[in-house]
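Each value in this text was obtained by applying a stated rule to the coordinates, not by laboratory testing. Please read these numbers as outputs of a predicted model, since none were measured by experiment. Please note: Cβ atoms are built from the backbone with ideal geometry, for glycine as well, and neighbour counts cover all protein chains shown.
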Ligand SMILES: Nc1nc2c(c(=O)[nH]1)N[C@H]1C(S)=C(S)[C@@H](COP(=O)(O)OP(=O)(O)OC[C@H]3O[C@@H](n4cnc5c(=O)[nH]c(N)nc54)[C@H](O)[C@@H]3O)O[C@H]1N2
Ligand SMILES: Nc1nc2c(c(=O)[nH]1)N[C@H]1C(S)=C(S)[C@@H](COP(=O)(O)OP(=O)(O)OC[C@H]3O[C@@H](n4cnc5c(=O)[nH]c(N)nc54)[C@H](O)[C@@H]3O)O[C@H]1N2
Ligand code: SF4
Ligand SMILES: [Mo]
């Protein structure tokens, strides 16, 4: 049976499930798929084990202990739907629909079951619920790219095989989407030089030809410094600038204000290294830039992506496959996501995912969480917990596992996993659609998201017909946008073939015929092209260290955080500290330490290492609160502030201090 990995990873692997006697016995990467090429990853190799885990939630449950205690009793679906219907009706009547916050996360990227798609949104519109703004992951960068190109879409990652200089900029390829590596290796075999730009010497940086250990949040300055060298070499593509861009004179002035010596002071890199890379950039065509979400989790993250995205406009790299920037391919996807906004009786407010700690106030009476685990994954963890303990808040969580968030629910609804439900997928790191056919029956009383919402609508006696569309009908609607990239792609074909490439040329040079802006030109933005990070003020305050908390190799966000083997391989929460920062604090390798600031603290085992530059400490996301020593994760010290664009999250832009966890 063909399926697809649902997780929030750019690779959206195609997989093959073998079923015997109604049980899934193997799950392997599809060797026929041009991007998956037969491999999954260290996490999803354990997917079947995870689906069969003893802590899987199999039945609806109702809270019996105090709020937040995680104590529940099993109830039937009818009882659960009845209690929910009564509470929702009462809330809508007394406080209006906007008192409901449908808090949907990235647990699955499916266009049926997940938050990219429709799941639940028609029902929320009928009830007049608040909108939910999913800004937790990529919104700052998306906004920056839209300003330059009119779309966040960029290079087809397969064309890195054609690049001759590859910049892995704020991205940990071998951890957070490793299938790209084969294409990078193909490029290398043809002579490409690979540079990793990352404050951490990650496993990706270790495999690169060169690593530039940049100060966090200063990448836009580096981009300007590299372009300064390009201009000094006279290597700008004047024809491209004249015929395909606008705003060049202002941007050029900004570049000229950033000579390498100045940029060295901002970024903490050697001036000679900046010059050397600037020369490579000036004289290597095509240059392909892989920048993903890590780089934009900063105060100036949107500007950083926007400025980096301006590079290929100066060098003219968009002319050829292998040139340009690849952030996400989702801008090339044109599905018809018909959430039926016409069902809303009147306009409603929008609540912001990363601002749960601020916005979960008295005006919210029902928090409905699905495919999300905010207690582990969202900023300002301690304040979120306080809010979730509110007695007058009715919290429903649809989940597969007893997460930290589940512990705070009033009603828990058991959710299917990917081998048990149907879904339509599209990778955000490649150009393929995929169909996921259910391989086995759901265990216990688990239901898919679409089926749960259909049953709830029926239980509430709602008459809007589109609330009852079947999964296949919804899939057909999704593919019916009429966009040429979907010509000839039907549900039948997807179900038969498992995956289909979007109808775009191969090799794909997305902007060869112009940019999707009103003028058809790429736009250099006016104004400052570098916005400093919050951590730039480190020396001034009581928290002098910059903390970055990127992806863990063994978890996918907080998914798998409870898998015993992956938890063991993660070695528990850890914090990398440079020897220069460790010794004045009396920290030794292997010791347990407390990382803290005014918002909170978490505990982690110290790893003293030159892999981080002085002034920077690094941990990872994904650990569960209740499984962590000290009962908190890195998000206890992450602030709920907005980045400069798209209200993006600032996970890698926080100031902390660190000290030994004293015994006693
Ligand atoms: N194994 C695994 N894979 C994952 C995930 C996971 O949790 N685990 N998460 C998935 C999700 S949801 C996403 S959004 C993607 C995220 O994947 P990435 O885009 O790779 O994002 P991060 O892991 O946050 O950060 C990537 C790298 O950026 C570096 N970095 C941080 N700040 C800066 C900076 O200011 N400048 C530069 N140059 N580098 C910086 C970090 O040190 C890190 O090595 O990965 C997906 N894939
Ligand atoms: N410190 C720090 N924190 C971060 C980040 C960081 O870089 N640093 N990165 C952030 C990023 S990029 C992201 S995307 C967010 C992710 O944050 P969230 O969107 O909260 O995602 P997860 O933590 O993976 O939780 C997803 C939950 O969905 C459940 N789930 C999976 N499939 C289904 C399904 O089909 N139905 C239902 N009902 N549930 C399902 C899983 O069991 C899991 O518990 O985390 C952010 N948190
Ligand atoms: S998490 Fe990413 S690499 Fe792993 S199987 Fe899923 S899509 Fe593939
Ligand atoms: Mo993400």
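Among beta bridges identified by DSSP and lying wholly in segment 387-452, the antiparallel ones come to about 45 percent. Ordering of 650-662, 634-646 by packing is 634-646, 650-662, highest average first (other Cβ atoms within 10 Å, averaged per residue). Dimensions of the chain from C-alpha coordinates, computed as largest minus smallest value along each principal axis and given longest first, are 72, 68, 51 Å.
Short-range pairs are left out: with C-alpha atoms under 8 Å and at least six residues apart, the relative contact order of segment 140-327 is 34 percent.
Summary of the geometry: segment 568-601 and segment 7-81, compared by the centres of their Cα atoms, lie 33 Å apart.
Across segment 475-553, Cα pairs under 8 Å and at least six residues apart give a relative contact order of 15 percent. Cβ-to-Cβ counts within 10 Å put 508, 453 in ascending order as 508, 453, the fewest first. Descending by average beta-carbon neighbour count within 10 Å, the peptides 91-98, 141-148, 602-609 line up as 141-148, 602-609, 91-98, the highest first.
For the chain, give me the percentage of DSSP beta bridges that are antiparallel, rounded to the nearest 5 percent.
The answer is about 45 percent antiparallel.
Between segment 385-448 and segment 136-164, how far is it from one alpha carbon centroid to the other, in angstrom? If you average the Cα positions of each part, the centres end up 29 Å apart.
Within segment 534-663, DSSP assigns beta bridges of which about 70% are antiparallel (rounded to the nearest 5). The mean sequence distance of close C-alpha pairs (under 8 Å, at least 6 residues apart), as a share of the length of segment 534-663, puts its relative contact order at 36 percent.
Taking a ≥ b ≥ c as the square roots of the eigenvalues of the Cα gyration tensor of segment 140-327, is the shape rounded (a/c under 1.5), prolate (a/b larger than b/c) or oblate?
Details: a/c = 1.30, a/b = 1.16, b/c = 1.12.
Verdict is rounded for segment 140-327.
Using the Cβ-Cβ distance between residue 189 and residue 74 with R0 set to 56 Å, the FRET efficiency works out to roughly 0.50.
Within segment 325-358, what residues put their amide N at less than 17 Å from the label point 7 Å along the Cα-to-Cβ vector of residue 386? Counting only backbone N, you get 355-358.
Classify segment 320-384 from the C-alpha gyration tensor, please: rounded if a/c falls under 1.5, else prolate or oblate depending on whether a/b exceeds b/c.
Values: a/c = 3.03, a/b = 1.43, b/c = 2.12.
Note, shape of segment 320-384 comes out oblate.
Modelled this way, with points 7 Å down the Cα-to-C-beta line, the labels at residue 232 and residue 487 are 4.9 nm from one another. On a per residue basis, the convex hull of the C-alpha atoms belonging to segment 74-149 measures out at 133 Å³.
Per-residue ellipticity at 222 nm computed for the chain from its helices equals -7500 deg cm²/dmol, with DSSP H segments shorter than 4 residues left out and the rest contributing -39,500 (n - 2.57).
What's the ranking of 548-559, 360-371 by average number of surrounding C-beta atoms within 10 Å, highest first?
Working: 548-559: 23.4, 360-371: 20.7.
Ranking, from highest mean packing down: 548-559, 360-371.
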